[in-house]
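Presented below is the structure to which this report refers.
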Amino acid sequence: MKILVTVKRVIDPYIKVRVRADQSAVETDGVKMAMNPFCENALEEALRWREAGIANEVVVLSVGNDSCVETLRTALAIGADRAIHVKAANTPQPLATAKIITAVAKREDPGVIWMGKQGIDGDYNQTGQMTAALLGWGQGLFLSSAKFADGVVTGESEVDSGIRVIQVKTPCVLTADLRLNEARYATLPNIMKAKKKPFETLTPEELSVDASDRLTTLIVNTPPPRAGGVRVADVAELVSKLREEAKVIA
Amino acid sequence: MSEREIMEYDVVIVGCGPAGLAAAIRLRQTAAESGQEISVCLLEKGAEPGAHSLAGAVLEPRALDELLPQWREDETCPIKTAVTTDRFCFLTEKKSYRLPTPPSMHNEGNYIVSLGRTVRWLAEQAEGIGVDIFPGFAAAEVLYNEQGAVVGVATGDMGIAKDGTQTGNYQQGVELRAKYTIFSEGCRGSLSAEVMKKFNLRTDDAPQTYGIGIKELWETEHANPGEVLHTIGWPLRNDTYGGSFLYHLEAGKIALGFVVGLDYKNPYLSPYMEFQRFKHHPAIAPLLAGGRRICYGARALNEGGWQGIPQLAFPGGVLTGCAAGFLNVAKIKGVHTAMKSGMSAAEHIAAALKAGNEAATLNDYEKDLRTSWVGDELRKVRNIRPMFRHGLWAGLSHAAIDTYLLRGKAPWTFGHHNDHSQLKKASECQAIEYPKPDGELSFSRLENLAYSGVNHEANQPAHLKLRDNSVAVNVNLQDYAGPEARYCPAGVYEFVKEENSDQHALVINAQNCVHCKTCDIKDPTQNIHWTTPEGGGGPNYDSM
């Protein structure tokens, strides 16, 4: 089985993001970028499946501008076999991304598409679901564990009431939660080897996908700073404040 | 333990800053010109090139002109903001007096840059001509052959838990073996310190002296690209060496920072709080009003100049850039000298490789560099910084005499002192009350730290090690009132009162560390030892 893994380039999770002075977007110029953490887990799981003999090839795909090449190189260094970069001016919105992934999946014919459950930048949590719908495949979302046997994936995901267990037939789309595994590091010798691995560059046009935006961002605002806390003298004052000022109890 | 994996290169460079990158680029250029094949790799402990780079910075392009003469025509080169005006002021608490700008501080033809961005661009140039750059890998160990010559470095093991056991992610370090190793770790590099000791590179020299520079990047409506301001005086007292820099960049950005000489004597002094207070000066506050701080960081710098430079060559390796100490304090610049030292090292290594000499001691590199323009400019200003130990006015008057009358040709050379031995006991000093940060112009240390992007893998042994645990409380706290809690710009050191007792204990929040190395320098008994944490850890500066 071939596994297609999508990896997104996002602002490094340890960077404090800031809104551009003109409020058009979050500032990315000069800001450190990294692989989306959920995508790291997706890649790790695919590599484990290959090591366990479930898969024989792991192909990584990233959609976005030229800097995505770096993220794909990292994925190759971590262990993927082959990379595909679909070049788009900026990161397309979820629907366009899902269409691109769908087009690539039709060419590659993978048994499973492993994806991060969401990007930590837009936090849409849509692309995996849309891809499954466009392909007409089953989906296993937010997986914190996943096992494959006889063409069926049995996965667990955490829900409010506990653990939900699902089964889905391949081909399918699976999305990874952080608890799925602990992602490995790239090693120095593998970084060198990664430079020689196959790397393909495509455009949305070549895939006959319209990657234009459907949504318009009007304004991006910084959340208001948190107001300082108040110390109350006793329970009675707390109750009265909750009732009179915060109006959260009757 | 299994054998480590080995990768072989002709030259391994430790540290992806201006010196290391200039060396890498020059090596590949020389190789191409002379038809040699020279393989070069560069290790960087930061998560990417530039992530740990921090400087003012005004760049004198002299070395860059020699290295990449076409840089001005390159659209992608981030060096764009030419200096337009230059002011040097003395501050009192309420007033600002303009002083004549000393000739060494004139900035015609210079550029205001972000060192981080400049480094990223240089790294692209280096990769473009075949240099292997490995960010996220810390060189943790020097490798020696049987004759004692340096033959490369090893990267640190990754995936070691706090308790020293291997985690599921354990990955053994790799040996990078080389015919020559260039140490360009920056100021107070940990491996540079090791080779200096091993090869006695510092025996004949005065000790190195240092300063700590703390910097913020602001976005404001009051930026006037190209303007340069330096101040001395308030809020520092006359007996403390230091001052501020304030550089106006493009796109509404102002880089400002404060440098305090680490030979300060009062353990109650907090360089961080001096900087916060400084921003409230009536000449500074209006520039920042209504703006926002977008990045924060700190780094130690060399102030030893000519006298502080150790021997540069030893069997199999050389020291370059701030790892050796080429900062010109009078100019407040060191990127150009760092780059030139890297280029010079590269040329001598390429020649040695061509002649078939491996692991030799390249004494000619040192000789050439000392007689090059780098040596010239450092020698001329060598006596300026040492005189400031007698106070601001003595230092300034001497600087004027030395510059205008003696023109740097005085027949004497003043020596230095070790910074760590300069602290007085707390009982001999007055505590300093700093105003509380207002959250608009000035901030608490931890609030600011969030803007450094600092991160370390949490489950790893602390990379800040105490040689003797009891000294922290018995000496540092009792005699010196815990100076590390004040000079550390990242809040790594905290003296915490133990529950149900009057005893205090030192807590080391190693995760906060921005790799400035000040603790390694200033700790009064040299009990604190800075080592490299797991690769990729540390700050993630955005254009500092």
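The values are calculated or read from the model by the stated rules, or taken from the named source; none is laboratory data. These numbers come from a predicted model, not from an experiment. When we count neighbours, we look across all protein chains shown, and the Cβ atoms used for this are built from the backbone with ideal geometry, even at glycine.
Summary of values
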read-out: Residue in region A:15-22 that is crowded, with 20+ Cβ neighbours inside 10 Å, closer than 30 Å to B:G538 by Cα and at pLDDT below 95 present; value: yes
read-out: Top-ranked residue in region A:215-228 [being of a type in the set (V, I, T) and in contact with a strand residue (DSSP E or B) (Cβ under 8 Å, 6 or more places away or on another chain); ranked as surrounded by the most Cβ atoms within 10 Å (Cβ to Cβ)]; value: A:V220
read-out: Elements of type helices (runs of 4 or more DSSP H) in region B:225-337, at least 1 residues being under 19 Å from B:V514 (Cβ atoms) and of a type in the set (F, W, Y); value: B:271-278
read-out: Strands (runs of 3 or more DSSP E) completely within region A:1-108 that count 2 or more residues being within 12 Å of another protein chain (Cβ to nearest Cβ); value: A:33-35
read-out: Flag if B:A289 is in contact with a Ser or Thr (Cβ under 7 Å, 6 or more places away or on another chain), farther than 30 Å from B:S427 by Cβ, among the small types (G, A, S) and in contact (Cβ under 8 Å) with a residue 12 or more places away in the chain; value: no
read-out: Qualifying residue in region A:157-174 (condition: hydrophobic (A, V, I, L, M, F, W, C) and modelled with pLDDT under 95); value: yes
read-out: B:I133, sole failed condition from (1) surrounded by fewer than 20 Cβ atoms within 10 Å (Cβ to Cβ); (2) touching a residue at least 60 places away in the same chain (Cβ under 8 Å); (3) within 14 Å of chain A (Cβ to nearest Cβ); value: (1)
read-out: Single condition B:P102 does not satisfy, out of (1) free of Cβ contacts under 8 Å to residues at least 24 places away in the same chain; (2) under 18 Å from B:L246 (Cα atoms); value: (1)
read-out: In region B:2-13, the residues that are within 14 Å of chain A (Cβ to nearest Cβ) and touching a Leu at 6+ places or on another chain (Cβ under 6 Å); value: B:M7, B:V12
read-out: Failed item in (1) farther than 30 Å from B:T413 by Cβ; (2) β-branched (V, I, T); (3) modelled with pLDDT of 95 or more, with B:I294 passing the rest; value: (3)
read-out: Residue in region B:392-413 that is in a loop (DSSP other than H, G, I, E, B), crowded, with 19+ Cβ neighbours inside 10 Å, in contact (Cβ under 8 Å) with a residue 24 or more places away in the chain and not assigned by TED's automatic domain parsing to the domain that holds B:S341 present; value: no
read-out: Within region B:351-366, tally of residues that are in contact with a strand residue (DSSP E or B) (Cβ under 9 Å, 6 or more places away or on another chain) and in a helix (DSSP H, G or I); value: 6
read-out: Count of residues meeting criterion [in contact with a Leu (Cβ under 6 Å, 6 or more places away or on another chain) and either away from chain A (no Cβ under 14 Å) or acidic (D, E) (or both)] in region B:289-300; value: 1
read-out: Filter result for the condition that a residue is more than 25 Å from B:S190 (Cα to Cα), within 14 Å of chain A (Cβ to nearest Cβ) and modelled with pLDDT under 95, over B:G395, B:G408, B:G439, B:G391; value: B:G439
read-out: Test: residue in region B:159-166 that is hydroxyl-bearing (S, T, Y), closer than 25 Å to B:R26 by Cβ and either surrounded by fewer than 22 Cβ atoms within 10 Å (Cβ to Cβ) or touching a Leu at 6+ places or on another chain (Cβ under 7 Å) (or both); value: no
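To keep it simple, each residue is scored yes or no on (1) in contact (Cβ under 8 Å) with a residue 12 or more places away in the chain; (2) closer than 30 Å to A:V220 by Cβ.
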position	(1), (2)
A:N125	no, yes
A:L134	yes, yes
A:T154	yes, no
A:V159	no, no
A:R164	no, no
A:C172	yes, no
A:N190	yes, no
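This table checks each residue for (1) within 30 Å of B:Q171 (Cα to Cα); (2) among the hydrophobic types (A, V, I, L, M, F, W, C); (3) more than 14 Å from chain B (Cβ to nearest Cβ); (4) surrounded by 14 or more Cβ atoms within 10 Å (Cβ to Cβ).
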site	(1), (2), (3), (4)
A:A183	yes, yes, no, yes
A:K195	yes, no, no, no
A:D210	no, no, yes, no
A:D213	no, no, yes, no
A:V230	no, yes, yes, no
A:D234	no, no, yes, no
A:E237	no, no, yes, no
